[in-house]
Amino acid sequence: MKISDFLHDWKEIRGKAYEFLEKIPENKMMWSPHNDLGSIGMQIRHMGVSQRAYINGIRSGTINFNDKTYNKEVEKNKAEAIKLYGKVPETPLITAKRFSIILYKVQLEFLDPGG
């Protein structure tokens, strides 16, 4: 996969998720399709917290999923959810060089059958 393809896909997927979030009626943030499933607000909170871990990991070189801090209002308040999830930035989070380094590390750690 080319870096430009990855960035295009990432922006497209994130953009669609953000559009979906903007269209959710405020009174449906706590709605869940089943008692055993989380609400829409909980799913959006999960996406936002996970996204933050990935973005911080891309910037620092280490992904840490231990930071579970978030504003509880995210699950029921659409404005807070939008703040957490955020719009897709116009500028890339990382440079092509940094992305290449990350891909190289992934190959060494996970794809090298001898390692």
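Can you name the condition, by its number, that ASN77 falls short on among (1) more than 30 Å from LYS97 (Cβ to Cβ); (2) in contact with a helix residue (DSSP H, G or I) (Cβ under 7 Å, 6 or more places away or on another chain)?
The failed condition is (2).
Please go through (1) of a type outside the set (Lys, Arg); (2) surrounded by 12 or more Cβ atoms within 10 Å (Cβ to Cβ); (3) part of a helix (DSSP H, G or I) for ASN27 and return the number of the only condition it doesn't satisfy.
(2)
Could you list all residues from the range 52-71 that are within 13 Å of LEU84 (Cα to Cα) and out of contact with any helix residue (DSSP H, G or I) (no Cβ under 7 Å at 6 or more places or on another chain)?
ARG52, ALA53, ILE55, THR69, listed by residue number.
For HIS34, only one of the following conditions fails: (1) farther than 30 Å from ILE101 by Cβ; (2) not in a loop (DSSP other than H, G, I, E, B). What is its number?
Result: HIS34 fails condition (2) only.
Somewhere in the range 100-112, is a residue over 18 Å from the mean Cα position of the chain (by Cα) and either of a type in the set (Phe, Trp, Tyr) or at pLDDT 75 or above (or both)?
Scanning the range 100-112, I find at least one residue that is over 18 Å from the mean Cα position of the chain (by Cα) and either of a type in the set (Phe, Trp, Tyr) or at pLDDT 75 or above (or both), so the answer is yes.
Yes/no matrix, rows are residues, columns are (1) under 30 Å from LYS105 (Cβ atoms); (2) in contact with a Ser or Thr (Cβ under 7 Å, 6 or more places away or on another chain):
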{"residue": "ARG14", "(1), (2)": "yes, no"}
{"residue": "GLU19", "(1), (2)": "no, no"}
{"residue": "GLY38", "(1), (2)": "no, yes"}
{"residue": "MET47", "(1), (2)": "yes, no"}
{"residue": "ALA53", "(1), (2)": "yes, no"}
{"residue": "ASN56", "(1), (2)": "yes, no"}
{"residue": "ASN66", "(1), (2)": "yes, no"}
{"residue": "THR69", "(1), (2)": "yes, no"}
{"residue": "VAL74", "(1), (2)": "no, no"}
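Taking the conditions exactly as written (within 16 Å of the chain's Cα centre (by Cα) and at pLDDT 90 or above), does MET29 satisfy them or not?
no
All but one of (1) in contact with a helix residue (DSSP H, G or I) (Cβ under 6 Å, 6 or more places away or on another chain); (2) in a helix (DSSP H, G or I); (3) farther than 30 Å from SER100 by Cα; (4) free of Cβ contacts under 8 Å to residues at least 40 places away in the same chain hold for GLY41, so report the exception by its number.
Evaluating GLY41 over (1) in contact with a helix residue (DSSP H, G or I) (Cβ under 6 Å, 6 or more places away or on another chain); (2) in a helix (DSSP H, G or I); (3) farther than 30 Å from SER100 by Cα; (4) free of Cβ contacts under 8 Å to residues at least 40 places away in the same chain leaves (4) as the failure.
The values are calculated or read from the model by the stated rules, or taken from the named source; none is laboratory data. Predicted model, so just to flag it, every value in this text is computed and none were measured. Note: ideal-geometry Cβ built from the backbone for every residue, glycine included; neighbour counts use all protein chains shown.
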